[in-house]
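Here is the structure we will look at, set down as structure tokens.
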Amino acid sequence: MMTNHGLDSGQPFALLLGQPTLRRMIKLGVLAALDQRIAVRYPMAGMTGEETSGYIRHHLQLAGRSDPLFSDDAINLIHESARGKPRTVNNLAIQALLATFAAGKAIVDENAARSAVTEVISTE
């Protein structure tokens, strides 16, 4: 998936954004012309552990939850397993919430996060 911004006759430069898989696809010989036209590349690193924790808590606040729902151990495991990638953090957090609900618990603990990792990471 990729997108461009400001690519018209009045813009001498184009901004091309893509997911990490785009970099691998561009290296294929079929896309050599596109690869040659990219002047600056900047891969974004994953979030830090503190950023992941804040990210999860922020999304919970947006959903109306003010008290903690994820244990620190669960957040740490989600962060490490997702390597700080927001989409993977989202997928793991959702799966951990489902595992917590299925177990009849009120707080997402490390066991629920481990179950989420097994479910999500093994299928990616």
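Values in this text are rule-based calculations from the coordinates and carry no lab data. On a predicted model such as this, the values are computed, not experimentally measured, just so you know. Neighbour counts run over all protein chains shown; Cβ positions are idealised from the backbone, glycine included.
The local environment of residue 112, defined by Cβ-Cβ distances under 12 Å, has a net charge of -2 under the rule Lys, Arg +1 and Asp, Glu -1. Our estimate of slack between residue 36 and residue 121, defined as 0.36 nm per intervening residue step minus the Cα-Cα distance, is 27.2 nm.
Per-residue packing, averaged as other Cβ atoms within 10 Å, sorts the ranges 95-101, 105-111 into the order 95-101, 105-111, beginning with the highest. Here the contact order of the chain, divided by its residue count and restricted to Cα pairs under 8 Å and six or more residues apart, works out to 19 percent. Among residues other than residue 50 with Cβ under 14 Å from its Cβ, the summed charge is -2 (Lys and Arg +1, Asp and Glu -1).
Normalised Debye scattering of the chain at q = 0.12, 0.21, 0.23 Å⁻¹ gives log10 I(q)/I(0) of -0.59, -1.10, -1.25, counting only Cα atoms as equal scatterers and leaving out solvent.
Here the relative contact order of the range 49-121, from alpha carbon pairs under 8 Å that lie six or more residues apart, stands at 35 percent. Build a GNM of the chain with springs between Cα atoms under 10 Å apart, and of 60, 92, 28 the one that fluctuates most is 28.
With axes computed from alpha carbons, what is the tilt in degrees of helix 110-121 against the longest principal axis of the chain, rounded to the nearest 10 within 0 to 90? Tilt of helix 110-121: around 30 degrees.
Please compute the net charge surrounding residue 41, taking Lys and Arg as +1 and Asp and Glu as -1 over other residues with Cβ under 15 Å from its Cβ. Here the count lands on +3.
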